1. Excluding ligands and nucleic acids, what accessible area in Å² is computed for residue 14 using a 1.4 Å probe, to the nearest 10?
2. Would you report the distance distribution of C-alpha pairs in the range 1-50 as whole percents per 10 angstrom bin, up to the bin with the largest distance?
3. Any of 28/108; 37/162; 28/75; 113/162; 18/152 with alpha carbons more than 21 Å apart? Name them for me.
4. For the pair residue 18 and residue 155, what calculated FRET efficiency results from E = 1/(1 + (r/R0)^6), where r is the Cβ-Cβ distance and R0 = 45 Å, to the nearest 0.05?
5. Amide H neighbours of residue 22 under 5 Å, counting only residues 5+ apart in sequence or on other chains, H built in-plane at 1.01 Å?
6. What FRET efficiency, computed as 1/(1 + (r/R0)^6) with R0 = 22 Å and r the Cβ-Cβ distance, is obtained for residue 162 and residue 43, rounded to the nearest 0.05?
7. Cut-off 18 Å, label point 7 angstrom out along Cα-to-Cβ of residue 78: give me the residues of the range 107-122 whose amide nitrogen falls inside.
8. At 1.4 Å probe size, put 151, 106, 33 in order of accessible surface, largest to smallest.
Amino acid sequence: MAEEVTRIMIGVNESSLKGYPNPSISSKGAFEWTINKIIRNNVSAFNLLFLHVQVPDEDGYEDMDSIYASNEDFKNMKQKERVRGTHLLEYFVNRCNEIGVPCQAWIKEGDPKDVILNEVKRIRPDLLVVGCRGLGPFQKVFVGTVSEFCWKHAECPVMTIKRNADETPRDPVDD
């Protein structure tokens with residue numbers, strides 16, 4: 001009888017400093033922590049599930065005055081964003097392939113807090129791992145925190161991985 005694998009969902013996003021296809025410091029840290037502390041050498045006992053949530057621009061048009069944008073422009077930009085998100089996920093999938101950990105990766109669009117919780121309900125992972133910037137209470141008021149929302153509301157155990165102090169940018173909101 002085959003043993004059941006442990007399914008770990010990891011929420012990942014792009015770097016606010018370097019942009020696509022670079023993973024954020026927090027995402028990379030959450031991934032590396034999962035590999036080093038949970039999976040270790042037991043690669044066949046786990047399946048990593050990478051979720052990247054793309055947040056649509058307020059008016060749906062990035063880098064363009066929406067007054068002059070056509071429907072075709074909008075479709076092209078959405079496709080371009082999808083490709084950029086795919087390149088981000090490629091980093092994590094390639095790393096998993098290098099070490100032999102089975103994985104899956106996909107992109108959703110919307111508010112990261114809501115999308116992650118919906119995907120947890122749909123996929124039902126054994127564990128959700130998310131990176132954490134380690135913001136103070138004052139900063140949280142202005143930028144919010146997806147990781148805190150997830151550990152309060154997700155329907156599975158949640159592990160938040162805080163960035164290492166030496167990796168924190170000058171502005172801790174950056175990632």
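The values are calculated or read from the model by the stated rules, or taken from the named source; none is laboratory data. None of these values were measured; they are calculated from a predicted model. A quick note on method: Cβ atoms are made from the backbone with ideal geometry, for glycine too, and the neighbour counts reach across all protein chains shown. Only protein heavy atoms, including side chains, enter the accessible area calculation; ligands, DNA and RNA are left aside. Shrake-Rupley method; radii C 1.70, N 1.55, O 1.52, S 1.80 Å.
1. Answer for residue 14: close to 60 Å² accessible.
2. 25, 43, 23, 7, 1
3. The pairs that break the limit, which is 21 Å between Cα atoms, are 28/75; 18/152.
4. Once rounded, the FRET efficiency stands at 0.85.
5. Residues meeting the amide H criterion: 15.
6. Numbers: r = 25 Å, r/R0 = 1.15.
Efficiency, from the Cβ-Cβ distance: 0.30.
7. Under cut-off, by backbone N: 107-112, 115.
8. Values: 151 140, 106 40, 33 75 Å².
My answer, sorted largest first, is 151, 33, 106.
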